[in-house]
Amino acid sequence: MKALSLLLSCSIPLTTIAQRHAPPVQQRYARAAVTSLIDDMHKELADSHPGYYRYNNKAALDKYLDSVKATIRKDSLDELEIYHKIKPFVAKIGCLHTALSLSPGYTRYLNSGSNLLPLQLHIENEKAFVTANYSGSRELAPGTEITAINGKSMAAIIALLLPAIPSDGHNLTLKYRALDTQFPSWYRSMIAVTDSFTVSTGTQQTVTIPGAAFQTLARDGFLQEPSYRKTLDFRMTAQTGILTIHSFAATDIKKSGQHFRKFIDSVFLQLQQQKVQQLIVDLRDNTGGTDNNAVYFTRHFFDKPFRYWDRIEVTKDIARQIKGFARLFYRKPEKRDSSYLWKKSKITSEFNYYTMQFPAAHPFTGKTYVLINGFCMSSCADAAAILSCNKKAVLIGEETGGGYQGNNSGMMPSVRLKPTGLMLTVPLQQYFNAVDTGVHTARGVMPDYPVAVHTADILRQEDAAMTKAWQLIRQQPQE
């Protein structure tokens with residue numbers, strides 16, 4: 001969802017451009033200062049984050065933070081050591097929009113060094129397999145199982161990384177997808193910063209390879225966001241429409257020279273005119289974006305009015321900030337029992353969708369198959385949830401990384417955790433989708449037909465989820 005930043009001061013986003021930088025002075029912070037930082041972070045989240053206790057009660061989080069503080073046995077810690085302590089706690093909140101980042105300067109410094117594992121890995125059944133080898137070593141060809149790195153078993157590495165990766169609720173598919181695309185950076189930030197990797201394989205070989213720099217290693221879909229020639233794509237095959245939406249973000253769509261509403265209108269008009277009865281919608285790796293677009297897309301599957309969001313909540317502290325100058329932009333939240341309901345904004349329509357929604361001019365009435373995976377997040381997961389709950393589509397693939405019952409996002413300012421340079425991103429709105437609250441609690445949108453991603457499929461470049469969609473279409477009775 002689109003982030004605004006009028007209530008709290010925002011930071012400049014972290015840059016991923018690799019430049020040569022001198023090592024930053026590794027300032028160390030006394031144990032008392034680190035403990036105070038953790039307490040301040042806890043208070044900031046409790047005051048501002050409306051979903052802070054969405055998946056954990058206060059007693060559980062208090063206990064967890066006490067255990068974190070108890071592990072601080074050194075007299076002082078540097079920024080990376082503090083990051084190691086609190087990154088898993090931030091992920092434990094169960095909110096993919098709540099983020100903890102190293103300071104921009106330290107990140108630039110890391111990216112300037114040759115300290116990334118030059119392998120792309122896929123984790124399957126808690127085992128790691130090479131899917132792309134950029135090391136130059138013939139012993140580490142795609143398909144090779146990696147059993148250990150620098151003496152630490154892959155099982156131990158995975159056990160350390162998974163709790164540090166944020167996702168909504170208790171979802172795991174996002175975490176594993178993140179390791180598919182970002183394993184080297186997660187290893188570097190949570191395990192060790194090193195310029196050499198001794199890798200053990202399933203054939204009991206040991207290979208030592210040098211690390212790679214970010215600028216050399218990063219490419220579309222691996223360590224950096226994928227880029228698409230067209231964010232939106234539509235084609236017809238065998239009287240079946242195939243609609244791909246890589247992103248709902250207005251900026252991404254504009255960058256590819258497209259207009260979301262015009263494109264979607266033309267697609268669904270064509271489907272109606274040609275009397276198409278089967279539609280495949282590929283939402284995989286769509287990390288969300290503009291709610292206006294996600295809702296507009298969803299309207300094309302309804303022929304009657306429907307609910308999209310049930311409500312949006314904020315904390316009492318944020319509600320109190322809507323006064324004076326802020327009232328020029330936002331309406332005063334409505335207090336209902338012990339909750340504060342966010343209202344439509346005066347400056348954007350992004351908060352409008354808790355009201356009744358109406359069908360599009362040319363809704364699709366045929367059979368729809370939606371492909372999903374762990375990188376379906378935020379507004380993409382919202383749209384998938386509404387289609388699933390209202391039985392407007394058959395979902396195929398993996399559980400979405402975004403929550404079935406909603407998420408925490410909206411305005412997402414970042415604040416510095418003083419005295420360090422660590423940056424904490426805090427979402428200020430809690431969204432509740434208009435779905436059955438009795439199912440998929442703390443989970444993503446579940447597929448009707450689960451299709452796992454296997455290493456063999458990646459290596460053969462086979463699309464098992466798309467294959468399953470075509471199989472279901474062929475099984476449909478012909479009119």
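Going by average Cβ neighbours within 10 Å, how do the peptides 418-426, 243-251 rank, with the highest at the top?
Values: 418-426: 18.9, 243-251: 21.6.
Result, highest mean first: 243-251, 418-426.
Which of Phe364, Gly410, Val68 sits closest to the plus end of the dipole of the chain, meaning its Cα is farthest towards the positive end, when Lys and Arg get +1 and Asp and Glu get -1 on the C-beta?
Gly410
Straight-line reach from Lys127: which lysines fall under 20 Å, measuring Cα to Cα and dropping same-chain residues less than 8 apart?
Candidates past the 8-residue exclusion: Lys152, Lys175.
So what's the convex hull volume per residue for the Cα atoms of region 111-220, in Å³? Walk me through the intermediate numbers first.
Numbers: hull volume 10.8 nm³, N = 110.
It comes to 98 Å³ per residue, whole-number rounded.
Normalise the Debye intensity by I(0) for the chain, one equal point scatterer per Cα, no solvent, then take log10 at q = 0.11, 0.12, 0.13 Å⁻¹ and round to two decimals.
-0.98, -1.15, -1.32
Choose one of Ala128, Asn111, Phe351: the residue whose Cα lies farthest towards the positive end of the charge dipole of the chain (beta-carbon charges +1 Lys, Arg; -1 Asp, Glu; about the Cα centre).
It is Phe351, whose Cα lies furthest towards the positive end.
Determine the gain in length on full extension of the stretch Asp47-Thr251; use 0.36 nm per residue of separation and subtract their C-alpha separation, reporting nm with one decimal.
On the way: separation 204, 0.36 × 204 = 73.44 nm, distance 3.11 nm.
Difference between extended and current length: 70.3 nm.
Any idea what the relative contact order of region 111-220 is, in percent, if you count C-alpha pairs under 8 Å spaced at least 6 apart? Could the numbers behind the result be given before it?
Numbers: 182 pairs, mean separation 41.8, N = 110.
This gives 38 percent for region 111-220.
Would you mind working out the magnitude of the charge dipole of the chain relative to its Cα centre, with +1 at each Lys and Arg C-beta and -1 at each Asp and Glu C-beta, to the nearest 20 Debye? Write out the running numbers ahead of the final one.
Details: 55 positive and 41 negative charges, 279 e Å.
About 1340 debye.
Which pairs break 18 Å Cα to Cα here: Lys43/Lys63; Lys43/Lys335; Lys230/Lys255; Lys230/Lys262; Lys323/Lys343? If you can, show how the numbers build up before the last one.
Numbers: Lys43/Lys63 15 Å; Lys43/Lys335 22 Å; Lys230/Lys255 9 Å; Lys230/Lys262 14 Å; Lys323/Lys343 14 Å.
Pairs exceeding the cut-off: Lys43/Lys335.
Return the whole-Å distance between the Cα centroid of region 169-233 and the Cα centroid of region 311-377.
If you average the Cα positions of each part, the centres end up 35 Å apart.
Show that you can apply the helix-only estimate: for the chain, add -39,500 (n - 2.57) for every DSSP H stretch of four or more residues, divide by all residues, and state [θ] at 222 nm to the nearest 500. If you can, show how the numbers build up before the last one.
Details: 14 runs with 147 residues, N = 479.
That comes out to -9000 deg cm²/dmol.
Give the aspartates and glutamates whose C-alpha is closer than 20 Å to that of Lys69, dropping any in the same chain fewer than 8 places away, or say none.
Straight-distance partners of Lys69: Asp39, Asp40, Glu44, Asp78, Glu79, Glu81.
Helix hunt in the chain: which complete DSSP H runs extend at least 30 Å axially by C-alpha with mean Kyte-Doolittle at least 1.0? Mind dumping the intermediate values first?
On the way: long enough: none.
Span-like helices here: none at all.
Fully extended, how many nm does the chain gain between Thr237 and Ser338 (0.36 nm per residue separation, minus their Cα-Cα distance)? Mind showing how you got there, number by number?
Numbers: separation 101, 0.36 × 101 = 36.36 nm, distance 5.28 nm.
Roughly 31.1 nm would be gained on extension.
Given points 7 Å out from each Cα along the Cα-Cβ axis, report the Lys323 to Ser227 separation in nanometres with one decimal.
4.8 nm
Taking only C-alpha pairs under 8 Å that are 6+ residues apart, what is the relative contact order of the chain in percent? Provide the component values of the computation, followed by the final result.
Details: 998 pairs, mean separation 93.1, N = 479.
Computed value for the chain: 19 percent relative contact order.
Under 20 Å from a point 7 Å along the Cα-to-Cβ line of Glu126: which residues of region 445-470 have their amide N that close?
Within reach of a label on Glu126, which here means backbone N under 20 Å from a point 7 Å along Cα→Cβ, region 445-470 contributes 452-455.
Between Arg331 and Tyr449, take the C-beta separation as r, use R0 = 45 Å, and let me know the FRET efficiency to the nearest 0.05. If you can, show how the numbers build up before the last one.
On the way: r = 43 Å, r/R0 = 0.95.
It comes out at approximately 0.60.
Show which aspartates and glutamates lie in cross-link reach of Lys332 when reach means a straight Cα distance below 14 angstrom and same-chain residues fewer than eight apart are skipped.
By straight Cα distance, Lys332 reaches Glu313, Asp317.
In which sequence would Lys175, Lys275, Lys468, Lys332 go, from the one with the fewest C-beta neighbours within 10 Å to the one with the most? Write down the numbers at each step before the final one.
Details: Lys175 22, Lys275 10, Lys468 19, Lys332 14.
With the sparsest Cβ surroundings first, the list reads Lys275, Lys332, Lys468, Lys175.
Gln475 to Ala156: extension gain in nm, 0.36 nm per residue of separation minus the Cα-Cα distance? Don't skip to the answer; put the middle values down first.
On the way: separation 319, 0.36 × 319 = 114.84 nm, distance 4.39 nm.
Fully extending the segment from Gln475 to Ala156 adds 110.5 nm.
What fraction of the DSSP beta bridges in the chain is antiparallel, stated in percent and rounded to the nearest 5? Kindly include the intermediate steps, with their values, before the conclusion.
On the way: 48 of 67 bridges.
Percentage antiparallel, nearest 5: 70.
For the pair Thr348/Asp220, report the inter-label distance in nm, with labels modelled 7 Å from Cα in the Cβ direction.
In this crude label model, Thr348 to Asp220 measures out at 2.8 nm.
In nm, to one decimal, how far is the modelled label at Ala456 from the one at Gln272, with both set 7 Å along Cα→Cβ?
Once both label points are built, they end up 4.5 nm from each other.
Each value in this text was obtained by applying a stated rule to the coordinates, not by laboratory testing. Source: prediction; values computed, not measured. Using ideal geometry, Cβ is built from the backbone for each residue, glycine included, and neighbour counts are taken over all protein chains shown.
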